[in-house]
Amino acid sequence: CPTTAIEPPSKLILWDEAKHIYKKALARNDRDFFYDAVVCFYMDDYKFDGPRGIWHDYEKTLDVLVHFAGAITPDFSTYQDFPEAIKIYATYRMRLMGYWLGANGIAVYNNVRWGTEESWLYCFEGIPHDSVVAIGTVGGSPRELNHRDCFEKGLYHMVDLLHPHTIIVYGSADYECFHRVSQSGIKVVSYPSKTATAFARRGKHEQE
């Protein structure tokens, strides 16, 4: 899956936000609108996958994404307790969806998702070296201590293998592993999650 995007995005939004923006634009008959944000899928799978999701209704997905600045390849779940075949299939779908979007003119960033060490055999395949990669930290890793060691080992292995020049992080990057990676010369750019943004706004309103 070639990385067709070069610079970090100015803004990240979730797929459900992008669909909402798209529907509002169509309602006002604005079929040529452009929204300067990159769309990501760091959310529960049922919100973007399924019979009417992005994998099966891929042409509708493209209709939405052409109005945005780009997309991070879908974060299909690869939970550690999933059968290995399911995790391989999820990785395959990430790459194929990204390849197809890029071939249709969408600026694409590769999402990287790994599990325990056996997943390293396939989870980094198909991602160009010396490119921009994206990681979500809004789930269990690395926030939960029992998952952090696995996350950190995978991150360091990914860096050694792919040598990315930039890592996009959706969610907090305030972890020692990201500080260490940044000190090695890799640019780490983090974007607050939708939940974190909502809490920040709530706190600001309470102070006012």
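The values are calculated or read from the model by the stated rules, or taken from the named source; none is laboratory data. This structure is a prediction, so every number in the text was calculated from the model and none was measured. Cβ coordinates were reconstructed from backbone atoms using ideal geometry, including for glycine residues, and neighbour counts include every protein chain displayed. Just so you know, the surface numbers come from the protein's heavy atoms only, side chains and all, with ligands and any DNA or RNA stripped out. Shrake-Rupley method; radii C 1.70, N 1.55, O 1.52, S 1.80 Å.
Considering segment 17-48, and only residues there that are within 20 Å of residue 107 (Cβ to Cβ) and assigned to a helix (DSSP H, G or I), the residue that is farthest from the chain's Cα centre (by Cα) turns out to be 25. Every test in (1) surrounded by fewer than 20 Cβ atoms within 10 Å (Cβ to Cβ); (2) in a helix (DSSP H, G or I); (3) hydroxyl-bearing (Ser, Thr, Tyr) is passed by residue 172 save one, and that test is (2). Please go through segment 97-113 and pick out each residue that is assigned to a helix (DSSP H, G or I), under 15 Å from residue 128 (Cα atoms) and open to solvent by 10 Å² or more (accessible area, probe 1.4 Å). Selection gives 99, 102.
Just for segment 150-160: of the residues that are closer than 22 Å to residue 79 by Cβ and of a type outside the set (D, E, K, R), which one is surrounded by the most Cβ atoms within 10 Å (Cβ to Cβ)? Looking at the filtered set, the residue picked out is 154. The set of residues in segment 80-139 that are of a type in the set (D, E, K, R) and within 13 Å of the chain's Cα centre (by Cα) comprises 95, 113.
Within segment 1-24, the only residue that satisfies the criterion of being of a type in the set (A, V, I, L, M, F, W, C), surrounded by fewer than 20 Cβ atoms within 10 Å (Cβ to Cβ) and over 18 Å from residue 194 (Cα atoms) is 6. Exactly one residue among 139, 115 is under 25 Å from residue 17 (Cβ atoms), modelled with pLDDT under 90 and in contact with a Phe, Trp or Tyr (Cβ under 9 Å, 6 or more places away or on another chain), and that residue is 139. The single condition among (1) farther than 21 Å from residue 154 by Cα; (2) crowded, with 16+ Cβ neighbours inside 10 Å; (3) out of contact with any helix residue (DSSP H, G or I) (no Cβ under 7 Å at 6 or more places or on another chain) that residue 31 does not meet is (2). Taken over segment 49-65, the criterion of being surrounded by 15 or more Cβ atoms within 10 Å (Cβ to Cβ) and either part of a loop (DSSP other than H, G, I, E, B) or charged (D, E, K, R) (or both) is satisfied by 49, 53, 54, 55.
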